[in-house]
Amino acid sequence: MSGSLVVVGTGPGKAELMTPATLAALAKATDLVGYGPYLDRVPVTRRDQRRHASDNRVELERARHALSLAAAGREVVVVSGGDPGVFAMAAAVFEAVETGDPVWRMLDIRVEPGVTAMLAAAAEVGAPLGGDFCAISLSDNLKAWTTIERRLRAAAEADFVIALYNPASKARPHQLVQAFEHLRRIKSGETPVLFVRAAGTADAKVITTTLAAADATQADMRTLVIVGASTTRRVGRWVYTPRSEGTAS
Ligand code: SAH
């Protein structure tokens, strides 16, 4: 089979945070497949490149479309935001391969890493992910809310720094309120909480607060929320988590 499929991420938004490997894959592509706003971040380098913009909700369908284009001999790039493997298209592509035409398993499929929102958000404020951390998506489109609650409790019990992706959705505005309630039962009210909006872009905005005072209405779909561990602290205008637990105050 002559076609290929590369899954890339545009990074958090700023052009400089798109990797050179991602730019090279985009420049070679005959076809780009992705959610419209992510495709808009891709510079136009060739006029013969076809762009297939789609709705954000139909990930599996989009993955199948990309695979069938590649099987027909096209050089396809599937475009996600951030890193393509973090709550994004790379897993959808492999799910489509698993359940789709057996011929797709013979395709040349590759994933390029990108800068995920959690890393861009952490860099805006210092080094809050300096110790052990985990990432949880609060979206219950693809999993039960009870699963999310169980993971939040486990992460709090284990004293991980917690990065919360998809903290707010129009359909379920109470998710972050409920998540904070669960965390407050286990973690200290003094735990630093960060709301980082549009991290890694010129519009980046940071709110530094505590778990006791955190106001869930400050988060929207472009916000990444970081809840500290017991050792996470402020120094000057920065927030960091020491690498050693011995330096806990
Ligand atoms: N693949 C993406 C994540 C997709 S989930 C990545 O690796 O970053 C979408 C969620 O990511 C958003 O709801 C938000 O919580 C977070 N996000 C994406 N870009 C962001 C940015 N620039 N600043 C803050 N959060 C962002």
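Roughly how many debye, to the nearest 20, is the charge dipole of the chain about its Cα centre, given +1 on each Lys and Arg Cβ, -1 on each Asp and Glu Cβ, and no other charges?
340 debye
Using only the alpha-carbon atoms, how far is helix 59-71 inclined from the longest principal axis of the chain? Give it as 0 to 90 degrees, nearest 10.
30 degrees
Convex hull over the Cα atoms of the stretch 14-135, averaged projected area in nm²?
Across all orientations, the stretch 14-135 yields a mean hull projection of 8.4 nm².
With θ set to phi - 60°, apply the Karplus curve 6.51 cos²θ - 1.76 cosθ + 1.60 along the stretch 161-174 and write out the HN-Hα couplings as whole Hz, x wherever there is a Gly or Pro.
5, 10, 9, 9, 8, 6, x, 9, 9, 4, 6, 10, x, 8
Under a Cβ-only charge scheme (Lys and Arg +1, Asp and Glu -1), can you give me the dipole magnitude of the stretch 85-137 about the Cα centre, in debye to the nearest 20?
Using only the charged Cβ atoms, the result is roughly 40 debye.
Mind pulling the per residue volume of the convex hull built on the Cα atoms of the stretch 191-243? Å³ is fine.
87 Å³
Semi-axes of the chain's equivalent ellipsoid from the Cα gyration tensor, sqrt of 5 times each eigenvalue, largest first, rounded to whole Å?
Three semi-axes, in Å: 36, 19, 16.
Take the alpha carbon gyration tensor of the stretch 110-166, find the square roots of its eigenvalues, order them as a ≥ b ≥ c, and report rounded if a/c is under 1.5; if not, report prolate when a/b exceeds b/c, else oblate.
oblate
Within the stretch 204-249, what whole-number % of the accessible surface is contributed by carbon and sulfur, with the 1.4 Å probe and all protein chains included in the calculation?
The nonpolar share, carbon plus sulfur, comes to 50 percent.
Express in nm, to one decimal, how much length is gained between Ala15 and Ala202 on full extension, taking 0.36 nm for each residue of separation and deducting their alpha carbon distance.
Stretched fully, the Ala15-Ala202 segment lengthens by 66.3 nm.
Relative contact order for the stretch 13-71: what percent, with Cα pairs under 8 Å and sequence separation of 6 or more?
Averaging sequence separation for qualifying contacts and normalising by length gives 32 percent for the stretch 13-71.
Under 5 Å between amide H atoms, partner at least 5 residues away or on a different chain: which partners does Thr10 have, H built in plane at 1.01 Å?
Ser80, Gly81, Gly82
Looking at Val44, Ser54, Trp104, which one has the Cα that reaches farthest to the positive end of the dipole of the stretch 1-117 (charges on Cβ: Lys, Arg +1; Asp, Glu -1)?
Val44
Taking R0 as 51 Å, what's the FRET efficiency between Ser188 and Asn141 from their Cβ-Cβ distance, rounded to 0.05?
It comes to 0.95.
Hey, got a sec? Which trypsin sites (Lys or Arg not before Pro) in the stretch 167-249 land in a DSSP loop and have at most 12 other Cβ atoms within 10 Å?
Of the trypsin sites (Lys or Arg not before Pro), the ones in loops of the stretch 167-249 whose Cβ has at most 12 other Cβ atoms within 10 Å are Lys170, Arg237, Arg243.
If you count only protein heavy atoms with a 1.4 Å probe, what accessible area per residue comes out for the stretch 143-191, rounded to a whole Å²?
Accessible area per residue, the stretch 143-191: 52 Å².
The values are calculated or read from the model by the stated rules, or taken from the named source; none is laboratory data. As the structure is a prediction and not an experimental result, all values here were calculated from the model. In this analysis, Cβ positions are derived from the backbone assuming ideal geometry, glycine residues included, and neighbour counts consider all displayed protein chains. In case anyone asks, the SASA skips ligands and DNA or RNA and just uses the protein heavy atoms, side chains included. Shrake-Rupley method; radii C 1.70, N 1.55, O 1.52, S 1.80 Å.
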